Structures are given as structure tokens and as C-alpha cells.
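See structure below.
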Amino acid sequence: MLDLEVVPERSLGNEQWEFALGMPFSQAISILQKHCRIIKNVQVLYSEQTPLSHDLILNLTQDGIKLLFDATNQRLKVIEVYDLSKVKLKYCGVHFNSQTIAPTIEQIDQSFGATHPGVYNAAEQLFHLNFRGLSFSFQLDSWNEAPKYEPNFAMGLASLQIPHGAMVKRMHIYTGNNLQETRAPAMPLACFLGNIYSECVDVLRDRAGPLGLRLRLLTAGCGLGVMTDSKVKSLERSIYFGDSCQDVLGALGSPHKVFYKSEDKMKIHSPSPHKQVPSKCNDYFFNYFTLGVDILFDSTTHLVKKFVLHTNYPGHYNFNIYHRCDFKIPLVIKKEGADSEDCILTTYSKWDQIQELLGHPMEKPVVLHRSSSANNTNPFGSTFCFGLQRMIFEVMQNNHIASVTLYGAPRTTSHARPESSSSSH
């Protein structure tokens, strides 16, 4: 049984790990993977058809805990303990829920002190006792008690007092004073772990097509001392088609991984007797997982030739490999007899909306079926790739965009790069 410390408006955890509000989804997954022998039977819950309309949830069924992540920014918004019999809980080092200590209203009052009167919810038949960043829901002993706690009974005064001996049914940790209006906070400093994250990514383009990316980056101050420069810094960097490896490394720092493209699978159809001989060099990607961006370099010139922006929707084969890239792509819409109009495509745009703006592609989509070399199955099904305005949109079966690949001709002349401060990486 887990023995966890409750920190209102911040976290739930122990000396080895903690689930902190504002934590990215992928870091919570990393904790669960690292402690898989202790934390078992975890469910990932999401809406397959409308992933932005419902929270992304990690349900720790063995421990009675739910982690609710904001569907848009995919950071931890609410920590819910829905079965207190499966976990030990303490506050300031003192247990208020364990196998020997029942979480009654008297125990909560003793552990957490005074707060505003409890509020009765007739629909749920629960009393809610609210502290800042923390709330407890109490179950009534019997259905017969419900009527006297209605707001119109005894002028509503009965709802001010939670019944003696009432037991906690659920506990929530969140930011602010109102559970219904809470939002995921900014990522805590402790979650940066030396990485850079993208706050937003703007696609730079002209009338012909994409030119590059302008990234607004977030990083935590780092140094030898614990308090050295302990705040989040915001940086802005731009990278273009035709930039060298050195340009990209200077702007973004080292990638998390360098991936070399495999040989062309159509090479088997070549009449050359040397078709089975691997080439001496392949194009290669810089994978920036926390930015949600891949950058492809030409193997001969070592210049940027492609950008891939990942949306990280649940239900996609690559889900949780990348952080969500919150991008904005200006689109040029040409209309007959009128000036062209500009509009913005975002990470949350759906394919039917894009087609209304740009028109339907002339060619049929390419069907993309992803699978690993060890396992050819893909439970999420195929995706469809459409090409428009030097961009390839990978579309999921729920009409959301899984990724956008940007193409552009390398620069033939020197390009004046925007001035920027030196990178901290």
C-alpha cells in the first residue's frame, strides 16, 4: 500500500517520487514505468473521437488514484484520490488516513484545521469541505439522511454542518479555490530536468510556402547551487530551411536523439546488382522530444531540408514520445477575383476545417501504417497523409492532425539570421 504525503495546491508523493500539479503527462508516465513493480494496473483514459473535450486521465486502479491532465496543454490539473481504503495519506508528516486511522470529519478537522462550512451537493449526496488547493467529499451514512440537508430545509442551515462521523469518500488536490474552475498551472521548476520546452512555435513563410520556424522556448535556470538562477527563462530562436547543423545546435542545443533514415524500401525493385549494398550515408533527423519537433538534414550538405511538428494526440501510434508542439501556421488562401486572404492553422485545427480553407487535395491520400520492427501490429489503425502548399498533413481517423511535415528549398544565398542572445545549452 502506498504511503503518500499530501501537499495542498502542489503535489501527492513520497520521498522517491511525486505527482506535481503542472507536471507534463510524459513525466507522470516515466514515474509509473520506473516504479511498475509497486504501482500496477494503470489505465489511460481519453476520448477517442473528441480528445480535446475531456481530460486525459491516468487511473491507478490498484491505489484508488486518478491523475487528470488538461486535454490542451497535457499538464497535470487535478489529483483525485477516489478510494481512500487503498492508500495511506499524511499531511505535514502525520497520517490522517491509514489502516488504523479512519478519515472522518473529526480527523480531517484535527489534521487540517478550520475552514469554510461544508457545502451539500444533492445530486451526488456528498458534502464538500474545501480548503485552498484541497477538497474532501464526505458520504452520508444513509439515504434517509438526505432530505434534511437540502438547501431549503431549515432555511439551509443544516448544510453548514457535516454530520458527525462522516467519512471521506474522495479527495482532490488542485490549484486555487474552486475545483470546477481550476486550470493546470505552469510547469514547476523541478519538472524541467535540464530540458527546454516550447511554449509556442510559429511557422515562418512567404507566399510560396514555409521558410522556417520561430520557437518561443522555456528553460529553467541551472547552476551548481540549489538557488542559482532558480526561475523560468523565456527564449526566442529561429531556424530556417538550409540552416546547417551548427546553426541548429547553436539555436536549440543538442537533440535528445539523432535518427538516421533507413534505406529506401523501393530499392529492391532496382535492376542494379548492388541494390542490397547499403549506401555510405543517409539523411538524419535531430529529434527534439520536449519541443515536439523533428528536423531532417541532408546527408550530403548537412543542411535542413524538412521540419516535422507533432501534436501528440492520444490514440496515435507515437503518443507520449513527443510533447505537444503548439504551432501556428499562416495559410495563404487564394480566391478568384479577390486578393488572397491569410488565416491561421493551429495544433487544434481539424482536417475538414483545413480543407474548407485550402480546398480538397487533387490526389488521393497516402495511407500510413506505423508499426515497430519487433511487432507489426498497430492497435490505433492507419493515418492518412495529404499534401498542400509544401506541407504534408498526417490525419487521424478522428479528423485531428497527428503531425505536419514542412518542406522548403534550401537557401541559395546567404540569409541574415535574426539577432538573438547566446543559447544556454
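Based on what the data block shows, is TYR348 open to solvent by less than 30 Å² (accessible area, probe 1.4 Å) and at pLDDT 95 or above?
No; evaluated as a whole, the condition is false for this residue.
I'd like to check something: does segment 407-421 contain any residue that is modelled with pLDDT of 95 or more, part of a strand (DSSP E or B) and either open to solvent by less than 50 Å² (accessible area, probe 1.4 Å) or not aliphatic (A, V, I, L, M) (or both)?
No, segment 407-421 contains no residue that is modelled with pLDDT of 95 or more, part of a strand (DSSP E or B) and either open to solvent by less than 50 Å² (accessible area, probe 1.4 Å) or not aliphatic (A, V, I, L, M) (or both).
Restricting attention to segment 15-42, which residues are within 24 Å of ALA186 (Cβ to Cβ), in contact with a strand residue (DSSP E or B) (Cβ under 7 Å, 6 or more places away or on another chain) and either open to solvent by 30 Å² or more (accessible area, probe 1.4 Å) or in a strand (DSSP E or B) (or both)?
Hits for segment 15-42 are GLU18, PHE19, ALA20, PRO24.
Of the residues in segment 241-291, how many are over 15 Å from THR301 (Cβ atoms), open to solvent by less than 60 Å² (accessible area, probe 1.4 Å), modelled with pLDDT of 55 or more and not in a strand (DSSP E or B)?
Summing the residues that are over 15 Å from THR301 (Cβ atoms), open to solvent by less than 60 Å² (accessible area, probe 1.4 Å), modelled with pLDDT of 55 or more and not in a strand (DSSP E or B) in segment 241-291 gives 10.
Out of segment 126-140, which residues are touching a strand residue (DSSP E or B) at 6+ places or on another chain (Cβ under 9 Å) and not in a strand (DSSP E or B)?
Once the filter is applied, which keeps residues that are touching a strand residue (DSSP E or B) at 6+ places or on another chain (Cβ under 9 Å) and not in a strand (DSSP E or B), segment 126-140 yields GLY133, LEU140.
Looking only at segment 292-309, how many residues end up being of a type outside the set (Gly, Ala, Ser), open to solvent by less than 20 Å² (accessible area, probe 1.4 Å) and in contact (Cβ under 8 Å) with a residue 40 or more places away in the chain?
7
Within the set of pairs 6+ apart or on separate chains, which have a first residue in segment 237-249 that is within 13 Å of LYS306 (Cα to Cα), a second that is small (Gly, Ala, Ser) and surrounded by fewer than 16 Cβ atoms within 10 Å (Cβ to Cβ), and C-beta atoms under 9 Å apart?
As it stands, the answer is PHE241/ALA409; GLY242/ALA409, since those pairs meet every condition given.
Looking only at segment 74-94, filter to residues that are surrounded by fewer than 19 Cβ atoms within 10 Å (Cβ to Cβ) and out of contact with any strand residue (DSSP E or B) (no Cβ under 6 Å at 6 or more places or on another chain); which one of those is nearest to GLU15 (Cα to Cα)?
GLY93
Here are some conditions: (1) outside any loop (DSSP other than H, G, I, E, B); (2) within 19 Å of VAL168 (Cα to Cα). GLN62 meets all but one. Which one does it not meet?
(1)
The values are calculated or read from the model by the stated rules, or taken from the named source; none is laboratory data. Bear in mind the structure is a predicted one, so any value in this text is a computation, not a measurement. Virtual Cβ from ideal backbone geometry, glycine too; neighbours counted across all protein chains shown. Side chains included, ligands, DNA and RNA excluded: accessible areas come from the protein's heavy atoms. Shrake-Rupley method; radii C 1.70, N 1.55, O 1.52, S 1.80 Å.
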